[in-house]
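What follows is one structure encoded as structure tokens, with my remarks underneath.
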Amino acid sequence: MTMRPLNLDELRTFLAIQEAGTFRAAAARVNLSASAVSLQISNLEAVLGCRLFHRNARGVALTEWGERLLPKARELLRLSQATLSDFDDAPLRGALHLAAPHDLGVSLVPGLLARLREAYPDLRVDVRLAATDQVIESFTTGQSAVALFNDVGPARLAVAALTEEPLVWAEARGGVASEQQPLPLAVAEVGCAWRDAALQALAQAGITYRVAYGSDTSMGQVAALRADLAVAVLPKSMLGHDLQEVPDGRGLPVLPRTQIRVAYDGGTLAEAVVSTLRKMSLR
């Protein structure tokens, strides 16, 4: 085994490939050519004396040795960034792209941007709102440095969990939509984790339904609920004086919990955004 020290840039590229799923997508994320990415991984494999990735037509997967390196690479990069931050008195400046779904774009992102403006006035954050699947795709293809999204079940990529809460069946307070057959649903567009959770739960319970109202935002669903046109799956925190949880006696199935998760590229600017998000989630 070659005894030169580990190269942090090579470790960063290693993590980018693991998260993006292909060398080409990782190249866009770390701003290198595909050949440069391949060379970095070859150098890293030479230093460690093992293969880190299985490669096939569909993409790449970690070998046993790659799985062993993964947590160590993350920790080394975290320690490197923390050390640099301790000695850096210069103000944080630059620009990054953040992707988020529409509901978080209304509920969480404005507060995040306000806090970032106060703490880092020279940092510019460009925001793109889209469906969850598109948010994740924008990150895995290197278009966004930070992806903030709601998710249900196992994480689809390497993420940090910020907070979680129950999903509930919601309807207008005193409404009758949940008594109708087939069950009228208000759903977000395809790619929404809450939509998937609702349809999967109903299918497993054998309950027939119809999509009575579709919207690209959760606020559109809430409008349909307030008019007693449908029921919807929403986080419990979205219930208010005009919305209630559907009574247990209506026989609707149990739902999973939803998590707010964030994926980020490990850069200095992205670290500052995620650190701010974590502080907000602890309040």
### Task
Among the candidates GLN200, GLN244, single out the residue that is under 21 Å from the mean Cα position of the chain (by Cα) and either at pLDDT 90 or above or over 17 Å from ASP103 (Cα atoms) (or both).
GLN200
### Task
Would you check if LEU234 is closer than 22 Å to ALA99 by Cβ, assigned to a strand (DSSP E or B) and either modelled with pLDDT under 95 or β-branched (Val, Ile, Thr) (or both)?
yes
### Task
For region 61-150, please list each of the helices (runs of 4 or more DSSP H) lying entirely inside it that holds at least 2 residues being in the same structural domain as LEU15 (by TED's automatic domain parsing).
64-86
### Message
Residue under question is VAL187, and the condition is that it be on the phi < 0 side of the Ramachandran plot, in a helix (DSSP H, G or I) and at pLDDT 90 or above; does it hold?
### Response
no
### Task
Please indicate, with yes or no, whether at least one residue in region 223-246 is hydrophobic (A, V, I, L, M, F, W, C), assigned by TED's automatic domain parsing to the domain that holds GLN204, surrounded by fewer than 15 Cβ atoms within 10 Å (Cβ to Cβ) and under 21 Å from GLU189 (Cβ atoms).
yes
### Cross-chain or 6+ apart pairs with Cβ under 8 Å, region 172-184 first and part of a strand (DSSP E or B), then basic (Lys, Arg)
ALA172/ARG226; LEU183/ARG210; PRO184/ARG210
### Message
On the basis of being in a strand (DSSP E or B) and surrounded by 17 or more Cβ atoms within 10 Å (Cβ to Cβ), does LEU167 make the cut?
### Response
yes
### Residue among GLY153, GLY94 that alone is surrounded by fewer than 18 Cβ atoms within 10 Å (Cβ to Cβ) and over 17 Å from the mean Cα position of the chain (by Cα)
GLY94
### Where LEU76 falls short, out of the listed (1) more than 24 Å from the chain's Cα centre (by Cα); (2) under 24 Å from GLN18 (Cβ atoms)
(1)
### Message
Between ARG195, ARG278, ARG261, which is part of a strand (DSSP E or B) and of a type in the set (Lys, Arg)?
### Response
ARG261
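The values are calculated or read from the model by the stated rules, or taken from the named source; none is laboratory data. The structure presented is a predicted model; accordingly, all values stated were derived computationally and were not measured. No Cβ is skipped: glycine too gets one built from the backbone with ideal geometry, and neighbour counts run over all protein chains shown.
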